[in-house]
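Structure first, then comments.
The values are calculated or read from the model by the stated rules, or taken from the named source; none is laboratory data. All values derive from a computational prediction rather than experimental measurement. In this analysis, Cβ positions are derived from the backbone assuming ideal geometry, glycine residues included, and neighbour counts consider all displayed protein chains. Please note that ligands, DNA and RNA were not included when accessible areas were found on the heavy atoms of the full protein model with its side chains. Shrake-Rupley method; radii C 1.70, N 1.55, O 1.52, S 1.80 Å.
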Amino acid sequence: MLLKASQRGGADKLAAHLLNEKDNEHIEIYEINGFIAENLRDALQEISMIAQGTRCKQYLFSISLNPPENENVPVTTFEDAIDRIEKKLGLEGQPRAIVFHEKNARRHAHCVWSRIDVDEMTAINLPFYKTRLMEVSKELYLEHGWNLPPGFINREQRNPLNFSREQWQQAKRLGDSPETIKTILKECWAVSHDKACFMKALDDKGYYLAQGDRRGYVAVDWRGECYSLSRWLGVKTKDLKHRLGEPEKLPAVAQIKTQIDQTMRQRVQNFVQDIKAKYDRRRTPFESQKSGMKDRHRHERKDLLHKQKERWNTEAIERQARITKGLRGFWDRIIGNHAKTLKNNERERENAICRDRQEKETLILRQLQERRGLQQSFKHHNNQYHKELQTLKEMLFSKMPEEHIHTLTQEFKTPYPTRDRSFSFNR
């Protein structure tokens with residue numbers, strides 16, 4: 001179980017995050033303990049008010065507990081993990097709130113403690129809490145037989161995106177041979193009789209006519225490489241001037257490169273938007289299915305809660321009816337029957353609590369299993385999008401110079417428009 005924690009302030013922002021129904025399919029306020037307030041927002045604000053009597057700015061300790069993706073983890077495991085964390089960090093007895101979130105077929109928990117010791121009016125120090133949480137996390141993985149994440153085995157692998165530059169470098173540039181370049185330029189020269197025709201012929205082949213720094217007339221390819229026309233065509237400068245006019249009237253190489261950058265950026269944007277539009281259309285049925293499933297699951301949970309409340313009330317009436325009153329009740333107290341009845345009622349009450357809790361847990365685990373099936377479709381869809389966009393990137397970047405790649409990389413950093421998963425490409 002991965003444990004991510006932080007010391008922080010901002011009670012209102014944290015409450016808004018924990019109660020965010022937009023980004024979570026299901027939210028359960030599981031426990032609010034040690035507070036006067038009875039709701040989460042007021043409970044966290046209560047800590048903030050108490051902290052004003054100290055110098056502490058980070059009066060909250062917040063942690064998220066994330067079990068392995070495809071494991072069915074019961075609530076008792078979360079409770080055990082939270083109790084271990086309290087003992088490990090010295091937070092036992094501190095007010096705390098526990099919230100469960102479900103999103104993308106995964107259930108995880110958030111726990112928030114107050115760091116303020118109200119008896120001493122000081123903040124509880126949490127030295128090396130990240131290291132201690134790592135120890136608790138590793139214990140949970142080993143005890144439950146879960147596969148350890150690579151980061152627990154080798155710290156260099158702790159971040160799945162922490163790849164070396166060599167792993168992300170672009171494919172080798174596939175440059176054209178000198179013979180091919182010379183043939184293209186000579187063909188363009190041969191079929192043109194003036195500057196306009198020559199520029200049109202070059203443009204069709206991916207070249208642009210420009211004024212060179214010292215070489216007079218140059219052709220600039222779409223990668224920004226410059227080729228001296230007098231050298232590559234074997235034509236004298238005066239002949240070039242006769243057909244093409246004065247070189248000073250031609251755009252500078254820098255201007256041509258700027259034009260190429262703008263054109264290439266627009267072309268890449270169009271390619272990326274086309275891919276996104278295609279996958280947006282394919283994603284619509286999944287989103288519709290997800291929305292319907294979320295509503296159905298919420299209805300099932302509300303229905304179960306309603307049935308459990310009705311059953312609980314009926315059973316409570318039955319237990320109360322067993323307690324006799326009046327003279328007979330007085331006699332039952334004397335002979336001990338009253339105490340036996342209370343003990344039996346309490347045992348039945350505890351059994352009923354466990355039964356209701358198990359029914360709820362069974363329903364949630366079944367729903368999570370159903371949601372995981374749909375999540376696999378999302379993952380396959382997003383992986384296909386990722387693969388196609390990466391293929392486009394590699395295809396384009398394989399022939400581009402470094403300065404163009406640096407510019408166009410930004411066009412690939414726009415995340416895919418989904419809350420389930422976002423993709424960005426970094427070189």
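Each residue of segment 66-75 was assigned a 3J(HN,Hα) from its phi angle through the Karplus curve 6.51 cos²θ - 1.76 cosθ + 1.60 (θ = phi - 60°); the sequence is 10, x, x, 4, 9, 9, 8, 9, x, 4 Hz, with glycine and proline shown as x.
The trypsin sites (Lys or Arg not before Pro) of segment 41-139 meeting both criteria, a DSSP state outside H, G, I, E and B (loop) and at most 12 other C-beta atoms within 10 angstrom of the site's C-beta, are Arg55, Lys57. Remark: relative contact order (segment 195-274) = 27 percent; criterion is Cα-Cα distance under 8 angstrom and separation of 6 or more residues.
Each Cα pair under 8 Å and six or more residues apart adds its separation to the average, and for segment 179-242 the resulting relative contact order is 22 percent. May I ask you to give the percent of accessible area on segment 239-312 that is carbon plus sulfur, with a probe radius of 1.4 Å? Carbon-and-sulfur percentage of accessible area, whole number: 49. Summarising the label geometry, the points placed 7 Å from Cα in the beta-carbon direction at Asn351 and Ile29 lie 3.3 nm from one another. Given their separation in residues at 0.36 nm each and the Cα-Cα distance between them, Met121 and Asp204 gain 22.2 nm when the chain is fully extended. Compared with the alpha-carbon gap, the fully stretched path from Lys340 to Lys309 is longer by 8.6 nm at 0.36 nm per residue. The reciprocal of the average 1/r between distinct C-alpha atoms defines the Kirkwood hydrodynamic radius, which for segment 220-311 equals 19.6 Å. Summarising the label geometry, the points placed 7 Å from Cα in the beta-carbon direction at Asp12 and Arg55 lie 2.6 nm from one another.
Taking all protein chains as shown and a probe of 1.4 angstrom, Glu310 keeps an accessible surface of around 100 Å².
Residue pairs exceeding 30 angstrom between C-alpha atoms, taken from Lys186/Lys278; Lys103/Lys130; Lys200/Lys387; Lys186/Lys276: Lys186/Lys278; Lys200/Lys387; Lys186/Lys276.
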